[in-house]
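The values are calculated or read from the model by the stated rules, or taken from the named source; none is laboratory data. Owing to the predicted nature of the structure, the values given are computational and were not obtained by experimental measurement. Every residue, glycine among them, receives a Cβ derived from its backbone with ideal geometry; neighbour counts consider all protein chains shown.
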Amino acid sequence: MHAAIGSRRWRTHPLRRKVDILEARLWLLVAALTLVCASSIGIAHGWAAFDREQPVVAEQRADRHLVRATVLRDAATSSPWADESGRSQRVPVPVRWVTATGGEATGEAPVAPGTERGERTKLWLDSRGNVTSAPLEYRDVWAEALLVGGSSAAVTFGAGALAGIGVRVVCNRRRASMWESEWSRVEPEWSRRA
């Protein structure tokens with residue numbers, strides 16, 4: 001019995017209208033196009049972001065180097081800056097390090113709160129000897145590529161969903177106008193006002 005009912009969907013029966021078949025076919029078409037386009041666009045944008053960031057990573061790795069520096073002053077035990085989790089951010093303190101030429105240089109570097117004078121800390125310098133941040137890692141590039149690709153795919157899925165809603169709205173309007181014309185023909189007979 002279930003197979004007979006299921007197979008009647010595409011065959012002729014009194015409740016099936018042309019607009020119902022058109023809507024079903026358009027929904028299948030929109031779903032297939034959305035799936036293909038979203039995956040293609042997501043992959044393309046993700047790879048483009050990955051390719052765009054790889055030279056930046058290589059440049060930063062070539063330009064920056066790590067040195068060990070000595071903390072010159074005790075860091076505050078608590079930081080006025082805190083992140084979302086409530087953990088204290090690193091606080092800037094003066095530090096001293098040995099340059100590539102063997103001389104000494106001083107500057108400010110972020111250290112953990114409570115770091116005491118004389119402790120050693122790691123410090124990233126650029127090719128001019130200025131304190132800078134650590135170079136990007138390849139996992140950062142992958143994370144950005146996944147974020148960009150996923151965002152692009154999500155936007156494309158959203159556009160496909162809007163297209164599906166548009167198909168439903170147009171088909172519902174068509175059904176409503178068909179019902180209205182049929183009712184205007186049948187209502188006088190049905191209500192016995194003919």
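Restricting the stretch 30-78 to residues that are among the acidic types (Asp, Glu) and surrounded by 13 or more Cβ atoms within 10 Å (Cβ to Cβ), which is farthest from VAL131 (Cα to Cα)? If we take residues in the stretch 30-78 being among the acidic types (Asp, Glu) and surrounded by 13 or more Cβ atoms within 10 Å (Cβ to Cβ), then GLU53 is farthest from VAL131 (Cα to Cα). Residues in the stretch 149-182 that are surrounded by 11 or more Cβ atoms within 10 Å (Cβ to Cβ) and within 19 Å of ARG16 (Cβ to Cβ): VAL167, ARG168, VAL170, CYS171, ASN172, ARG173, ARG174, ARG175, SER177, MET178, TRP179. So is THR99 hydroxyl-bearing (Ser, Thr, Tyr), in contact (Cβ under 8 Å) with a residue 24 or more places away in the chain and surrounded by 12 or more Cβ atoms within 10 Å (Cβ to Cβ) or not? When the stated conditions are applied, THR99 does not pass them. Quick check: is even one residue across the stretch 169-191 touching a residue at least 40 places away in the same chain (Cβ under 8 Å) and within 21 Å of THR34 (Cα to Cα)? For the stretch 169-191, residues touching a residue at least 40 places away in the same chain (Cβ under 8 Å) and within 21 Å of THR34 (Cα to Cα): present.
Return the residue satisfying two criteria in turn: it lies in the stretch 128-150 and is assigned to a helix (DSSP H, G or I) and acidic (Asp, Glu), and of such residues it is modelled with the lowest pLDDT. Among them, the one singled out is ASP140. Reported count of residues in the stretch 103-148, each being closer than 16 Å to THR70 by Cα, among the small types (Gly, Ala, Ser) and loosely packed, with under 13 Cβ neighbours inside 10 Å, is 2.
A count restricted to the stretch 19-71 and to residues that are of a type in the set (Ser, Thr, Tyr) and either modelled with pLDDT under 90 or not assigned by TED's automatic domain parsing to the domain that holds ARG175 (or both) stands at 1.
If the requirement is being touching a Gly at 6+ places or on another chain (Cβ under 6 Å) and either modelled with pLDDT of 95 or more or in the same structural domain as LEU72 (by TED's automatic domain parsing) (or both), which of these qualifies: ALA153, ALA163, ALA159, ALA112?
Of the residues listed, the single one that is touching a Gly at 6+ places or on another chain (Cβ under 6 Å) and either modelled with pLDDT of 95 or more or in the same structural domain as LEU72 (by TED's automatic domain parsing) (or both) is ALA153.
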